[in-house]
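Trainee: Pasting a structure here, questions to come.
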Amino acid sequence: MNDNQVAGFWIRLGANILDGLIIGFPLSIIAGIITGDYENEPISNLIYALYGLLVPVYWNGYTIGKRICRIRIRKFDFLEPPGIGTMLLRNLVAGIVYALTLGIGIIVSIFMVALREDKRSLHDFIAGTEVVHD
């Protein structure tokens, strides 16, 4: 696929599901075994958040799920991998926006990725990123 072809809703969802299954689920099990709390374990949540924040910075815009699905995050204007500031905007600031809108922002983002030609969501606009096929 062309490096300029944007990734749509289903492939992005698939990559997120793979990340959850490959990284999130095992983290939760390990943390649950260690702490005895399988439902609300803050350490595994923190590690998973750091995974989503740092791995794309050091791995050219990929997470494991994105790599398997052959998609990656890149800066919209510069066509290069995201830096730490970009990923902080994409994950932390966008997460705050989604929380403040009581989840409505997430629904809006789903429709944006599904229906917009450029397939960019609210967190892509906040951070100046896009998700593209390899």
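Trainee: From the helices alone, meaning DSSP H stretches of at least four residues, give me the mean residue ellipticity at 222 nm for the chain, per-run term -39500 (n - 2.57), in deg cm²/dmol to the nearest 500.
Mentor: Mean residue ellipticity, 222 nm, calculated: -16000 deg cm²/dmol.
Trainee: Against the longest alpha carbon principal axis of the chain, how many degrees, from 0 to 90 and to the nearest 10, is the axis of helix 25-35 turned?
Mentor: Approximately 30 degrees, to the nearest ten.
Trainee: Given 0.36 nm per residue, what is the gain on full extension from LEU53 to ASP77 after removing their alpha carbon distance, in nm?
Mentor: Residue separation times 0.36 nm, minus the Cα-Cα distance, leaves 6.6 nm.
Trainee: Still on this structure, please answer the following. What do you get for GluC sites (Glu not before Pro) in region 35-134 restricted to DSSP loop and a cutoff of at most 10 other Cβ within 10 Å of the site's Cβ?
Mentor: Qualifying residues, ordered by number: GLU39, GLU117.
Trainee: Now for a separate question. For a quick check, take a GNM of the chain with Cα springs below 10 Å and name the residue from ASP37, ASP19, ASP118 with the largest mean-square fluctuation.
Mentor: Ranking ASP37, ASP19, ASP118 by mean-square fluctuation puts ASP37 first.
Trainee: I've got another one for you. Which percent of the accessible area of region 6-134 is formed by carbon and sulfur heavy atoms (probe 1.4 angstrom)?
Mentor: C and S fraction of accessible area: 71 percent.
Trainee: When ligands, DNA and RNA are left out and all protein chains stay put, how many square angstrom of accessible area per residue does the chain have with a 1.4 Å probe?
Mentor: For the chain, the solvent-accessible area averages 59 Å² per residue.
Trainee: Going by Cα centres, region 1-60 and region 66-129 are how many Å apart?
Mentor: So the two Cα centres are separated by 15 Å.
Trainee: Explain nothing, just the number: relative contact order of the chain, from Cα pairs under 8 Å at least 6 residues apart, as a whole percent.
Mentor: Dividing the mean separation by the residue count of the chain yields 32 percent.
Trainee: Same structure, new question: At 0.36 nm per residue, minus the direct Cα-Cα distance, what do GLU39 and PHE9 gain on full extension? Give it in nm, one decimal, please.
Mentor: 8.0 nm
The values are calculated or read from the model by the stated rules, or taken from the named source; none is laboratory data. None of these values were measured; they are calculated from a predicted model. Glycine also receives a Cβ, built like all others from the backbone with ideal geometry; neighbour counts cover every protein chain displayed. Areas reflect the complete protein model, heavy atoms only, side chains present, ligands, DNA and RNA absent. Shrake-Rupley method; radii C 1.70, N 1.55, O 1.52, S 1.80 Å.
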